[in-house]
Amino acid sequence: MSSNSSSEAAASHPEEKVKKTEEHSPRQRIWYKSAPHASLPRDTEDIISEATRPLVDIPDALSRPHVQTSLNNNLLEVMAWNLMESLTAENEYNQHIRRFLNIIIGDDPDTAHLELFDTQDMQESTYHDQLLQLVQESLSRSDEFLYRVTKSRDRVVYAMEQKMQLKRQLDKASK
């Protein structure tokens, strides 16, 4: 009976639902589909024109706040540190996968005397092959991740070196 009364109550007040949706109109959009290239606020245009203005000389470059911010921030160092932490964690995981793979294959000297799978049983042999394939895929993915993160970190470190070299050259030229 309560389910009927709730459906009757909802049907008897459809105007209430309309009022609720009208009260919560969507947020006003900053730009509209009809005007995709709406003008920016004046202060934003000034910032963009100042940042993209051609450099006249080195003191001009050093006087720009965004150049100083870029040269003095430590974002690249933080990124390199985080990538190194990721490499360390993944390398530890990778070593565990390799050890597990050696145990499954039977190449681990500590567990070589254990017979983990009955190679005569066809079903266990199938499970062994499936497990071996999954572990090899996991190891392959881990190796790929290590490779890509190492390359990324190398590029970040190179960018850090280039930034420091540029900073030294700008400091030397401004004196």
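Here are a few things to note about the model shown:
- Averaged over its residues, the range 124-169 has an accessible area of 73 Å² per residue, based on protein heavy atoms and a 1.4 Å probe.
- Couplings 3J(HN,Hα) of the range 78-93, computed from phi: 5, 5, 5, 4, 5, 5, 5, 5, 5, 4, 5, 5, 5, 5, 5, 4 Hz, in residue order, whole Hz [Karplus 6.51 cos²θ - 1.76 cosθ + 1.60, θ = phi - 60°; x for Gly and Pro].
- Remark: the range 124-132, residue by residue, has Karplus-estimated 3J(HN,Hα) of 5, 5, 5, 4, 4, 5, 5, 5, 4 Hz, where x stands for each Gly or Pro and the curve is 6.51 cos²θ - 1.76 cosθ + 1.60 at θ = phi - 60°.
- Taking label points 7 Å from Cα along the Cα-to-Cβ direction, residue 152 and residue 133 give a separation of 3.0 nm.
- Cβ charges +1 (Lys, Arg) and -1 (Asp, Glu), total dipole of the range 73-175, debye: 1500
- From phi via Karplus (6.51, -1.76, 1.60), per-residue ³J(HN,Hα) for the range 56-68 in Hz, x at Gly/Pro: 8, 7, 5, x, 5, 5, 6, 7, 7, x, 5, 5, 4
The values are calculated or read from the model by the stated rules, or taken from the named source; none is laboratory data. Not measured: the values here are computed from a predicted model. Virtual Cβ from ideal backbone geometry, glycine too; neighbours counted across all protein chains shown. Note: accessible area is taken over every heavy atom of the protein model, side chains too, but ligands, DNA and RNA are not part of it. Shrake-Rupley method; radii C 1.70, N 1.55, O 1.52, S 1.80 Å.
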